[in-house]
1. Do we have residue 192 as under 18 Å from residue 132 (Cα atoms) and either surrounded by fewer than 19 Cβ atoms within 10 Å (Cβ to Cβ) or of a type in the set (Val, Ile, Thr) (or both) here?
2. Note down all Cβ pairs under 7 Å where the first residue falls in segment 300-325 and is modelled with pLDDT of 95 or more, the second is charged (D, E, K, R), and they're at least six residues apart or on different chains.
3. Quick one: which residue in 132, 112 is β-branched (Val, Ile, Thr), away from the ligand (no atom under 15 Å from the Cβ) and outside any helix (DSSP H, G or I)?
4. Got a number for residues in segment 144-168 being away from the ligand (no atom under 12 Å from the Cβ), more than 16 Å from residue 123 (Cβ to Cβ) and touching a residue at least 40 places away in the same chain (Cβ under 8 Å)?
5. Does residue 231 qualify as being surrounded by fewer than 21 Cβ atoms within 10 Å (Cβ to Cβ), under 22 Å from residue 186 (Cβ atoms), modelled with pLDDT of 95 or more and over 17 Å from the mean Cα position of the chain (by Cα)?
6. Is there a residue in segment 76-98 that is of a type in the set (Val, Ile, Thr) and in a helix (DSSP H, G or I)?
7. When you check residue 137 against the structure, is it modelled with pLDDT of 95 or more, within 16 Å of the ligand (Cβ to nearest atom) and surrounded by 19 or more Cβ atoms within 10 Å (Cβ to Cβ), yes or no?
8. Just to verify a result, which residue in segment 135-186, among those that are of a type in the set (Gly, Ala, Ser) and in a helix (DSSP H, G or I), is nearest to residue 213 (Cα to Cα)?
Amino acid sequence: MNSETKQLIEKANQVYQENHPNTCWFGRCIFLSWYCDLGTCKFCFRSTIKHKIRYAKKAKRTTESILSDAVIGKVMGWKLEFLTGGYGIFSFEEILEIIKKVSQVYEEKIWINLGVLEKEQLEQLKPYVEGICASIETVEPNLHSQLCPDKPIEPYVKMLKLADKLGFKKSMTVVIGLGEQKEDWNSLSKFIEENRLDLITFYALKPVKGTDFDKSPEVADYVWWIAQTRIKFPKLKITAGLTPKKVDYTEMLLKAGANAITKFPVIRKFATAEAKLIEELVKKSGREFNSSLVEIPSIDWAAEVKKHGLGEKVLEKVLQNVENMEKNISK
Ligand code: SF4
């Protein structure tokens with residue numbers, strides 16, 4: 001990392017410290033399904049033919065499985081980054097019901113990233129939803145139309161404007177490593193300002209076999225985007241994704257000004273060497289971690305499930321997942 005980037009990170013860290021508490025958390029996405037009806041974004045694993053065959057429309061998650069994620073996440077201090085997926089699989093009524101239940105489990109309004117929603121739908125979601133996330137991926141228009149041919153930016157912008165009027169918070173996702181140039185940061189900055197965003201989630205591209213991409217961005221390039229954003233927008237909440245194979249830059253992401261980290265398969269990798277390394281690096285960054293990736297509190301899971309008015313099937317799923325997490329601890 002050159003001295004210019006180091007200085008930039010130092011400055012970003014200072015801006016963070018002046019504007020946010022000295023804490024951070026693990027943000028977890030809850031997926032409604034692993035299938036996407038669009039499936040044409042050039043970098044996404046859902047665009048590979050293999051995926052389309054493996055994940056037919058019927059491969060949606062059960063409500064019990066989704067709610068078990070919520071119950072465990074709430075206990076473990078994994079903040080819900082957003083509820084996502086399920087385009088063209090669940091009806092809006094089904095999605096509304098799931099959102100309602102997940103928000104009841106978290107005992108707060110939640111964030112969602114569910115494609116472009118209409119005014120009437122947003123109005124129905126208002127009692128349970130705090131914020132709306134737009135999956136923009138890249139703001140550079142040529143790159144965007146080339147990489148996401150069926151997901152134009154304009155409808156998302158319209159939705160964000162509508163969401164703003166209706167009193168929702170707003171966020172976007174951005175993937176670094178798609179071919180964007182540093183000069184494109186000005187367009188990102190403009191997008192954040194014009195759409196009055198409260199939160200942004202950065203991801204480092206994870207190359208997927210069968211797509212045109214074969215490498216993740218350099219760490220220095222990835223954190224550059226986060227640091228620039230932190231310096232220009234001191235109050236904005238920033239979440240930064242890890243890639244499961246590489247968690248060793250956790251400290252750098254926090255120093256660059258991220259409030260939270262995300263994109264770690266936490267149940268599967270609970271208490272593994274990577275999970276321990278993340279916690280160690282959070283500590284090294286000087287921040288207090290409000291989530292746990294290595295220890296399970298001793299609680300009565302049956303009472304926890306019952307407390308939220310959920311049934312036996314949810315409890316079954318919760319216990320299965322907790323058992324898997326415990327197996328890693330005893331290894
Ligand atoms: S990036 Fe999102 S919209 Fe595009 S194919 Fe993947 S899941 Fe679908």
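1. Details: under 18 Å from residue 132 (Cα atoms): yes; either surrounded by fewer than 19 Cβ atoms within 10 Å (Cβ to Cβ) or of a type in the set (Val, Ile, Thr) (or both): yes.
Yes: the conditions hold for residue 192.
2. 313/64; 314/64; 317/64
3. Working: 112 fails: away from the ligand (no atom under 15 Å from the Cβ).
Being β-branched (Val, Ile, Thr), away from the ligand (no atom under 15 Å from the Cβ) and outside any helix (DSSP H, G or I) holds for just one of 132, 112, which is 132.
4. Here the count works out to 1.
5. Numbers: surrounded by fewer than 21 Cβ atoms within 10 Å (Cβ to Cβ): yes; under 22 Å from residue 186 (Cβ atoms): yes; modelled with pLDDT of 95 or more: yes; over 17 Å from the mean Cα position of the chain (by Cα): yes.
In short, yes.
6. Among the residues of segment 76-98, at least one is of a type in the set (Val, Ile, Thr) and in a helix (DSSP H, G or I), which makes the answer yes.
7. The answer is yes for residue 137.
8. We begin by selecting, within segment 135-186, every residue of a type in the set (Gly, Ala, Ser); these are 135, 145, 163, 167, 171, 177, 179.
If we keep only those that are in a helix (DSSP H, G or I) as well, we get 145, 163.
On the way: 145: 16, 163: 33 Å.
Looking at residues that are of a type in the set (Gly, Ala, Ser) and in a helix (DSSP H, G or I), I get 145.
The values are calculated or read from the model by the stated rules, or taken from the named source; none is laboratory data. The shown structure was predicted, so the numbers you read here are calculated from the model rather than taken from an experiment. When we count neighbours, we look across all protein chains shown, and the Cβ atoms used for this are built from the backbone with ideal geometry, even at glycine.
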